[in-house]
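The values are calculated or read from the model by the stated rules, or taken from the named source; none is laboratory data. Predicted model, so just to flag it, every value in this text is computed and none were measured. Ideal geometry is used to build each Cβ from the backbone, glycine not excepted, and the neighbour counts take in all protein chains shown.
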């Protein structure tokens, strides 16, 4: 009997200990595991390539560029500012000269040659002509967008032409125009980027933020400028000012730019910065200068889940990048318009392969 009492006492003590431990576990504060803060993406310094001649002046107001074979063609918004002859001129720079500078074989500056433009009667056919905005090539075919306005209403105009030899010049076809209606009522907004994708031509509107453009679209055309079904475009804050060519998987890059003076484009919710963070200069400055990766599929355009390529910002000087091309798997070439002046630059990146 005494043995049974001792065993009972031991069991009671063990039960009381277990109950005490269970009570402590239930009343102890719960520690919640939170994911680490998103690490900010790194920023890429822009290596500037000095230019001379008309291209070096702010009044050149370069608004786009594209490769014509191994020649980089820079598009002035107003070609007559480059040359008073006829309808003016574009600017041409051989790829070899650019690579010689980047590889240290020449010190620069580089001087683009004049590429004459022939477009008789074009401006007369476009009321409120406000200059060229984008350029793309497909073989010897050339495509450009133009911005025009009537009062406070803005729209884009698409025109095509050919590259002719002897002498080398670009000859546009003013009789073959397509009007591209603006997607918002905002002033000074139109289709500012062009992409040749196989047998299609896509144009991209400048403003696609969720609060400013409820249903953004990329307008589609045949290479003969016949309108096709538009393609939905992702909501992206700020401005899209140019796009690169697409690779074999349909991946292309776009300049995504915010000028601090564009008060109407400020947004309290900017998903890309919230997703990937901001580099040191983007945390300090108000402006945004970055490249975003998109993918063109059969029926849609997707904003890829990749970190943006953030350009290292200059202190207090926002650069309006308006031209973008790939450079042979080495990276990207960019060019500004007149703000703050004409700047031609290079950033390295492995995914720039065509």
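Can you go through 273, 293 and tell me which one is at negative phi, under 17 Å from the mean Cα position of the chain (by Cα), surrounded by 16 or more Cβ atoms within 10 Å (Cβ to Cβ) and part of a helix (DSSP H, G or I)? Walk me through it before giving the result.
Details: 293 fails: part of a helix (DSSP H, G or I).
Just a single option satisfies the conditions, and that option is 273.
Take the residues of region 103-129 that are free of Cβ contacts under 8 Å to residues at least 24 places away in the same chain and part of a strand (DSSP E or B): which is surrounded by the most Cβ atoms within 10 Å (Cβ to Cβ)?
129
Scan region 78-94 residue by residue and report those that are surrounded by 16 or more Cβ atoms within 10 Å (Cβ to Cβ) and part of a helix (DSSP H, G or I).
Of everything in region 78-94, those that are surrounded by 16 or more Cβ atoms within 10 Å (Cβ to Cβ) and part of a helix (DSSP H, G or I) turn out to be 79, 81.
Does region 307-326 include one or more residues that are over 24 Å from residue 134 (Cβ atoms), surrounded by 20 or more Cβ atoms within 10 Å (Cβ to Cβ) and either without any contact (Cβ under 8 Å) to a residue 24 or more places away in the chain or touching a helix residue (DSSP H, G or I) at 6+ places or on another chain (Cβ under 9 Å) (or both)? Outline the logic, then answer.
Residues of region 307-326 that are over 24 Å from residue 134 (Cβ atoms), as a first pass: 307, 312-317.
If we keep only those that are surrounded by 20 or more Cβ atoms within 10 Å (Cβ to Cβ) too, we end up with 313.
In the following step, the residues that additionally are either without any contact (Cβ under 8 Å) to a residue 24 or more places away in the chain or touching a helix residue (DSSP H, G or I) at 6+ places or on another chain (Cβ under 9 Å) (or both) were identified as 313.
Scanning region 307-326 turns up at least one residue that is over 24 Å from residue 134 (Cβ atoms), surrounded by 20 or more Cβ atoms within 10 Å (Cβ to Cβ) and either without any contact (Cβ under 8 Å) to a residue 24 or more places away in the chain or touching a helix residue (DSSP H, G or I) at 6+ places or on another chain (Cβ under 9 Å) (or both).
Would you pick out the residues in region 327-339 that are surrounded by fewer than 22 Cβ atoms within 10 Å (Cβ to Cβ), in contact with a strand residue (DSSP E or B) (Cβ under 7 Å, 6 or more places away or on another chain) and touching a residue at least 24 places away in the same chain (Cβ under 8 Å)? Spell out the reasoning first.
Keep residues of region 327-339 that are surrounded by fewer than 22 Cβ atoms within 10 Å (Cβ to Cβ), which gives 328-331, 338-339.
Next, from what is left, pick out any that are in contact with a strand residue (DSSP E or B) (Cβ under 7 Å, 6 or more places away or on another chain): 330-331.
Passing the criteria: only 330.
Among the residues that make up region 244-261, is at least one of them in contact with a helix residue (DSSP H, G or I) (Cβ under 8 Å, 6 or more places away or on another chain), modelled with pLDDT of 95 or more, within 24 Å of residue 189 (Cα to Cα) and not in a strand (DSSP E or B)?
Yes, that holds for at least one residue.
Out of curiosity, is residue 132 at pLDDT 95 or above, surrounded by 23 or more Cβ atoms within 10 Å (Cβ to Cβ) and not in a loop (DSSP other than H, G, I, E, B)?
Judged against the criteria, residue 132 is a match.
Table: residues versus (1) buried (at least 19 other Cβ atoms within 10 Å of the Cβ); (2) without any contact (Cβ under 8 Å) to a residue 40 or more places away in the chain.
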{"site": "192", "(1), (2)": "yes, no"}
{"site": "211", "(1), (2)": "no, no"}
{"site": "238", "(1), (2)": "yes, no"}
{"site": "287", "(1), (2)": "yes, yes"}
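If residue 268 satisfies all but one of (1) modelled with pLDDT under 95; (2) crowded, with 16+ Cβ neighbours inside 10 Å; (3) more than 22 Å from residue 133 (Cβ to Cβ), what's the number of the condition it fails?
Condition (2) is where residue 268 drops out.
If you check residue 234 against the conditions, is it surrounded by fewer than 20 Cβ atoms within 10 Å (Cβ to Cβ), under 15 Å from the mean Cα position of the chain (by Cα) and at pLDDT 95 or above? Before you say what the answer is, go through the steps one by one.
On the way: surrounded by fewer than 20 Cβ atoms within 10 Å (Cβ to Cβ): yes; under 15 Å from the mean Cα position of the chain (by Cα): yes; at pLDDT 95 or above: yes.
Yes.
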